[in-house]
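Down below is the structure, laid out as structure tokens.
The values are calculated or read from the model by the stated rules, or taken from the named source; none is laboratory data. Please read all numbers here as calculations on a predicted model, not as lab measurements. Cβ placement follows ideal geometry from the backbone for every residue including glycine, while neighbour counts extend to all protein chains displayed.
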Amino acid sequence: MKQLVLKPVQLLCIVTLFISCKNEKRAKVYSNAEIETESKRLNDFLQKSFDNIVALYPEFQTRLGIKKDYGKLNDISPEMDERNLEIKKNELVWLTDSVNVDALSKDALLSYKLFKQNLENYINDYKYRLYNYPVNQMFGAQSQKPAFLINMHRIDSVYDAEAYISRLNGFNKYFSQLLENIKTREANGIVPPKFVYDKVIQDSENILVGQPFDNSDYQSTLLEDFMSKVNELEIDDTTKSALENQANEALLASIKPAYKGLISFMKAQKERANTDHGVWKFPNGEAFYNNALKRTTTTDLTADKIHEVGLSEVTRIHNEMDAIREKVGFEGSLQEFFQFIKTDEQFYFTQDQKGKDVYLAKAIQIIDSMKTRLDELFITKPKADIIVKAVEPFREKSAGKAFYLRPAADGSRPGIYYANLYDMKSMPTYQMEALAYHEGIPGHHMQLAIQQELEDVPMFRKFQGYTAFIEGWGLYSEFIPKEMGFYADPYSDFGRLAMELWRACRLVVDTGIHAKKWTREEGIKYYIDNTPNAETDAIKMVERHIVMPSQATAYKIGMLKIIELRKKAKEALEEKFDIREFHEVVISHGAIPLNVLEDFVDEYIASKS
């Protein structure tokens, strides 16, 4: 019999394997009580962390329905940035050193991983904290601060009215910090392209129109909002008059100099700006953009790969649109069909107030109709309601086509689907269904309201956002109604495809501008050549790409992942597949990275197999 002789390396492997197996056998099994205790300890920490953040940001308090610092605006100083960084670093140390992850419940472990990843991303991305434009046509402070007061600051008492006035008085300090932040960015090579300035200046000048800034026979935007809310209070006329006088003083002493200072600086900086549009112009711009794509999509897809996916999807959708062109009997090319869709009056409501009112009424009807069918799609449904509003006149010219504002956390305000009716040629009737489904039901309202209403999860999970998940769900929600028999009108189905095509083009143009050095004009031309949308849509979208690098890639990447996972589940489960259960798996945890979503779907498949 041949004797077995082991080499030293083989002996070492066996010993290592033995020790590993021995340790595995000795791995501690935690009792339910121990798991509950450690999970509670983590959740208490996460709640404390959330409370600390809420305490630092008065505007976030208002969004949550808290009136603790109701008369204050956020601190946006560099010192606050440094303070936040230190907080994040200390929290990461505690998580890493103090939590026994083996003794956490499944849901607590998810919270741990998400929160830890958030901290790591914040710390790693701190070097890019200046890589944005604090004032721009999409979400700049010049329009967001008035919108915040109008939409968020409720006046239920004289105290609330005085807090509103206090916030008006805080604009001067806030805008001083804002200007310092803009100057710091310029010193570091971060300057918006020229087109941004006129839009920001116009938004700012709009705030200073009307009483008490001039002799107009109408009130300015903020005074009108303030007095409309004050007039709802059951207080005497003397008190109302005193409050109006205080508001006028704040508008003249704080709002006016704040906006005048911003306007003056913007006009001066415009002369120093150029027409380079991509973030490749920033110091280490390529690294910043790659990181931005990773954060936005929660994937490792490169700019080149995302560009290729976009081109492929554009081709596929063009083919489906061509089939509809043939179905409606249009004789001509797809491009000629696009031109017909763009120009034929049957697809547009009139530009006057009557046309805008008809649009809003139709949007409400679409959402109400979908409400009656939700049981076919969902197990959990939101408690909060949704309303439809037109974007306010002071910001409608620069604001996006449509957007959603989630409901107040305390239930005091419903979710809002905003439709921008500034240019009715940008809001064709054939896109109404898809737009309402995306922003409202079963889109953002379903997902975000349910997330906010989650029970027994840390507060940060109710409000955190992963753009690829949130917007991926929104775009997927445009597709779901097709399977339910909606989009009965072929032109409406064409509108659905037009909306999806728009998101596919975003993959091409966003990466084109920021990774391939496309110009603003090249991006606009790509949209005009490949979509039926109005030129104004193309201009707004490209300008959005420029000031929000990577953000627009989230929609299609997220949708494609959700559809891929649904196909995977259907093929694995066959007759056991339930669309309601699948949707429950997708949205019942709140917003999550796409790789985490895939893990949950895999678990769902395993549990049903």
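Key figures
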| read-out | value |
| --- | --- |
| Selection count, segment 424-469, where residues are small (G, A, S) and on the phi > 0 side of the Ramachandran plot | 0 |
| 3 or more residues within 21 Å of A141 (Cβ to Cβ) and touching a residue at least 40 places away in the same chain (Cβ under 8 Å): qualifying helices (runs of 4 or more DSSP H) within segment 32-100 | 58-63 |
| Matching residues, segment 156-215, being over 27 Å from the mean Cα position of the chain (by Cα), assigned to a helix (DSSP H, G or I) and of a type in the set (V, I, T) | V158, I165 |
| Matching residues, segment 562-588, being under 20 Å from the mean Cα position of the chain (by Cα) and surrounded by fewer than 20 Cβ atoms within 10 Å (Cβ to Cβ) | S588 |
| Residues satisfying the stated conditions in segment 526-559, i.e. among the basic types (K, R) and over 18 Å from A515 (Cβ atoms) | K540 |
| Hits in segment 259-306 (condition: among the aliphatic types (A, V, I, L, M) and free of Cβ contacts under 8 Å to residues at least 60 places away in the same chain) | A268, A287 |
| V596 being over 16 Å from Y476 (Cβ atoms) and crowded, with 16+ Cβ neighbours inside 10 Å | yes |
| Extreme residue, nearest to D537 (Cα to Cα), among residues of segment 387-412 that are in contact (Cβ under 8 Å) with a residue 40 or more places away in the chain and touching a Pro at 6+ places or on another chain (Cβ under 9 Å) | R395 |
| Test result for G523, touching a helix residue (DSSP H, G or I) at 6+ places or on another chain (Cβ under 8 Å) and crowded, with 24+ Cβ neighbours inside 10 Å | yes |
| Single condition R520 does not satisfy, out of (1) more than 29 Å from R461 (Cβ to Cβ); (2) basic (K, R); (3) free of Cβ contacts under 8 Å to residues at least 40 places away in the same chain | (3) |
| Single condition M559 does not satisfy, out of (1) surrounded by fewer than 23 Cβ atoms within 10 Å (Cβ to Cβ); (2) touching a residue at least 40 places away in the same chain (Cβ under 8 Å); (3) closer than 21 Å to Y466 by Cα | (1) |
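Residues checked against (1) at pLDDT below 95; (2) crowded, with 21+ Cβ neighbours inside 10 Å; (3) closer than 30 Å to A552 by Cα:
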residue: A108; (1), (2), (3): no, yes, no
residue: F115; (1), (2), (3): no, yes, yes
residue: N124; (1), (2), (3): no, no, yes
residue: V135; (1), (2), (3): no, yes, yes
residue: F139; (1), (2), (3): yes, no, yes
residue: V158; (1), (2), (3): no, no, no
residue: L179; (1), (2), (3): no, no, yes
